[in-house]
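For reference, the structure discussed in these notes is given below.
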Amino acid sequence: MNYYLKAQSEADLFAALETAGLYKKVYSEFDEEGNPIGDFEFQKVGQYDLDVIGTIFKPTGVMIQGEDGEYPEMEALDGYHANIRGITAEQAAMLPTIEKPNAPVRVWAGD
C-alpha cells in the first residue's frame, strides 16, 4: 500500500520514521563510556521504498519578469512531504500520514 506523509519539518519526518523502526541514528563518535556524541546520520532499516519530496511549491498565479523572460511566482506549501510503500499497517500508524492528494506532486511508477 502507498502512504503519503506530511510532517512539519525534515527533522520531524525522520523522527517519525525512527519511531516506526524504519530508520536509525548511526553515530561516528562515542564518549569514554560508549555513549554516542556529535553528529549522526540516519540509516534505513528494512526493505521498503521511500521518496522524500521535501517542501512542495505551487504557483501563486502572479507572473514575474526576469532577465530571461517571464516566470510564475511560487509559494511553499506547509509541511515536509514524502511517499512510502512496502511497510506494515502498524508502522504506517506511527507516521504522519495524510489522505492521497487529488493531484500528487510525485507518484510511483506504474501507479
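So, taking all protein chains as they sit and a 1.4 Å probe, how much accessible area belongs to T97, in Å² rounded to tens?
T97 exposes around 60 Å² with every protein chain in place.
For the chain, what is the relative contact order in percent, using Cα pairs closer than 8 Å and at least 6 residues apart in sequence? Intermediate results must be reported in sequence, preceding the final value.
Working: 176 pairs, mean separation 40.4, N = 111.
Here the relative contact order equals 36 percent.
Given a 10 angstrom Cα cut-off, can you work out which residue in A93, A82, A20 is the most mobile in a GNM of the chain?
Looking only at A93, A82, A20, the largest GNM fluctuation is found for A93.
Using a Cα distance threshold of under 27 Å, what count of lysine pairs results for the chain when pairs must be 8 or more residues apart or interchain?
Lysine pairs meeting the criterion: 10.
Quick one: work out Rg over Rh on the C-alpha atoms of the range 1-57, Rh as Kirkwood radius. Mind showing how you got there, number by number?
Details: Rg = 13.9 Å, Rh = 13.1 Å.
When Rh is taken as the Kirkwood radius, the ratio is 1.06.
Test of understanding: in a Gaussian network model of the chain with alpha carbons linked when under 10 Å, which of Y48, Y27, Y80 would top the mean-square fluctuation ranking?
Sorting by GNM fluctuation, first place goes to Y27.
Compute, for E10, the solvent-accessible surface of its heavy atoms (probe 1.4 Å) with the complete set of protein chains present, and express it in square angstrom to the nearest 10.
100 Å²
Compare Q43, Q91, Q65 in a GNM of the chain, Cα atoms joined below 10 Å, and give the one with the largest fluctuation.
Of Q43, Q91, Q65, the Gaussian network model singles out Q65 as fluctuating most.
With angles folded into 0 to 90 degrees, how steeply does helix 10-19 sit against the dominant principal axis of the chain? Use alpha carbons for both and round to 10.
Here the helix axis deviates by roughly 40 degrees.
Would you calculate a helix-derived [θ] at 222 nm for the chain, using -39,500 (n - 2.57) for each DSSP H run of n ≥ 4 and dividing by the full residue count, to the nearest 500? Each step should come with its number before you reach the end.
Values: 2 runs with 15 residues, N = 111.
Helix contribution divided over all residues of the chain: -3500 deg cm²/dmol.
Using a 1.4 angstrom probe on the protein heavy atoms only, line up M1, M63 by accessible area, largest first. Mind showing how you got there, number by number?
Values: M1 160, M63 95 Å².
If we order M1, M63 from most to least accessible, we get M1, M63.
Compute the Kirkwood hydrodynamic radius of the range 72-111, taking the inverse of the mean of 1/r over all pairs of distinct Cα atoms, and give it in Å to one decimal. Write out the running numbers ahead of the final one.
Values: mean 1/r = 0.0793 Å⁻¹.
Radius from the Kirkwood sum: 12.6 Å.
The values are calculated or read from the model by the stated rules, or taken from the named source; none is laboratory data. Everything numeric in this text was worked out from a predicted model, so none of it was measured. What goes into the accessible areas is simple: the full protein's heavy atoms, side chains included, and nothing from ligands, DNA or RNA. Shrake-Rupley method; radii C 1.70, N 1.55, O 1.52, S 1.80 Å.
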